[in-house]
1. Can you list the strands (runs of 3 or more DSSP E) found entirely within the range 23-102 that contain at least 2 residues being in contact (Cβ under 8 Å) with a residue 60 or more places away in the chain?
2. Which ones in the range 107-139 are part of a strand (DSSP E or B), surrounded by 15 or more Cβ atoms within 10 Å (Cβ to Cβ) and either touching a Ser or Thr at 6+ places or on another chain (Cβ under 7 Å) or modelled with pLDDT under 90 (or both)?
3. Here are some conditions: (1) of a type in the set (G, A, S); (2) surrounded by fewer than 14 Cβ atoms within 10 Å (Cβ to Cβ); (3) more than 32 Å from the chain's Cα centre (by Cα). A54 meets all but one. Which one does it not meet?
Amino acid sequence: MVVFFAVILAAFIITWINSPLVVSVTGTGEVSVPATSASISLSALAVSPTPLEAINQVKSRVSDLRQTLRSSGIDEKDIVESAVTAVPAAAYTVGASGYQASVTLSAKTADVAGIGNLVSGLYSAGAGVVAQPVLTAEGQEQLEQKAMDMAMQDAKKKAAIMARKNFKFIKKIIAVQQASSGSTATATTKTEAADTEFKLTQAVSVSYKMW
């Protein structure tokens, strides 16, 4: 009888070991810190009957835009300017006449709180389009690791809940996949522009075997 029960128990244990429950859970982690810098890009456009006139006009606007950037405290070395391009205006607008000249500028500023005023000033100085400023923060690698640790902890909590529901008491990670990563923030909404926070999010998908 004892041998019989021993065989039954051994068979149960073998089946239990060889038939784990495999589950996948997701975890997310987010860190927010004050932004330390903002990058901005913009374009200047001009349309004139001749290519030379269009180029001269856009160069004049670029001069005003660079002055606006410098007046805001941006160092000259932090301003990048593309080459001037001039093409027939009809390439952009059907039926248009003349030529369109354009230049792209990009700059980086540490005055994150004043980014809204800078964008307004750039439009006043003749910018055609100013892209959404992108906020960044120092120590991004450390922030990414912190967010990843939080995401793994979130996944671990969810796995623990699932294990209890299925009466599983031993679990082992068999795969980890980073689902997504957001590493910048844009100052587009009033809330973001007001607190100028840099938000970084990490998301993971973690697979477990449970017994």
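1. Output list reads 37-48.
2. K108, T109, V134, L135, T136
3. (2)
The values are calculated or read from the model by the stated rules, or taken from the named source; none is laboratory data. Since this is a predicted model, take the numbers as computed values, not measurements. So basically every Cβ, Gly included, is an ideal-geometry build from the backbone, and we count neighbours across all protein chains shown.
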